[in-house]
Amino acid sequence: MANYENGLETKTKILETCKDLFYTKGFTKTTFKDIGQSAGVNQGLIVYYYKTKNVLANTIFQDVMIEMMEQIERDFAKEDTLTRFFISDFLYFRLLYEDACFRDFIEICCSNGILSKDPEDLKEEYRKYHDGIVDFFDDEYIQDTTLREGLLAVFNGMKDTYSLHICRNHERLTVDVAATDYITIYCHLMNIPSKVYGEKMFQAELLANQVQVSVEGFRFLIK
């Protein structure tokens, strides 16, 4: 039991250290030596627990998304599933626009295929939200099994591709345009009628604009 607790503490220390280093120094410039020295652990333990920097980056990204979705569930509990889903999109794109460190991190991750959608690589809490979204689309809008599988494969890769596009073009596109265009694209992809998503998207944008959002050291905050 003591070994398990020590191992969990070490994993947490490594991850929290990486959140700070990846945010302040940058993912590319941070080395295992930097992580080991800052966390006060042997570099071999970093490899033992996380294997690669890509795994660490993927874990950190999922942690941010989990924190965001959990806070949205708390703060916007009275809203329906689709509206909460849209709120998460507006807040995510605001982070890309308002936080250069977060934007640089996401651009590197998306450029190198780091944010894997393999279910085996998803943390339990992240999979809960991911599967919830998939189930919602399945139940409400997509009945053809073959079509659904193809569309979901496209959907799973779309956020990375679109995020990379925004990271590289944020200076010529406003955040509202970026978010609403993204929502519109996947609503068409998932066959959600415009009369359904239009009103909910407008409501989500209003609610998202009422809060201050930040991701300080890859720790998500709504104020």
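We did not get these values from a lab; they are worked out from the coordinates using the rules stated. This structure is a prediction, so every number in the text was calculated from the model and none was measured. Backbone-built Cβ (ideal geometry, glycine too); neighbour counts: all protein chains shown.
Could you tell me whether the range 1-79 comes out rounded, prolate or oblate from its Cα gyration tensor? Rule is a ≥ b ≥ c as square roots of the eigenvalues, rounded for a/c under 1.5, then prolate if a/b exceeds b/c, otherwise oblate. Since a/c reaches 1.5 but b/c is at least a/b, the shape of the range 1-79 is classed as oblate. When the trypsin sites (Lys or Arg not before Pro) in the range 14-91 are filtered for DSSP coil states and for at most 14 other beta-carbon atoms within 10 Å of their beta-carbon, the remaining sites are Lys25, Lys29, Lys51, Lys78. For the chain, the 222 nm mean residue ellipticity estimated from helices alone, with every DSSP H stretch of n ≥ 4 adding -39500 (n - 2.57) and the total spread over all residues, rounds to -24500 deg cm²/dmol.
Between the range 148-207 and the range 74-133, the C-alpha centres lie 12 angstrom from each other. Of the GluC sites (Glu not before Pro) found in the range 179-223, those that fall in a DSSP loop while having at most 13 other beta-carbon atoms within 10 Å are Glu216.
Let me check against my output: what whole-number percent is the relative contact order of the range 54-115, with C-alpha pairs under 8 Å and at least 6 apart?
Normalised by residue count, the contact order of the range 54-115 is 46 percent.
Summary value for the range 1-137: 27 percent relative contact order, contacts being C-alpha pairs under 8 angstrom separated by 6+ residues. Would the range 87-137 count as rounded, prolate or oblate if I go by the C-alpha gyration tensor, calling it rounded below 1.5 in a/c and otherwise prolate when a/b exceeds b/c, oblate otherwise? Oblate. Convex hull volume of the C-alpha atoms in the chain, normalised per residue: 138 Å³.
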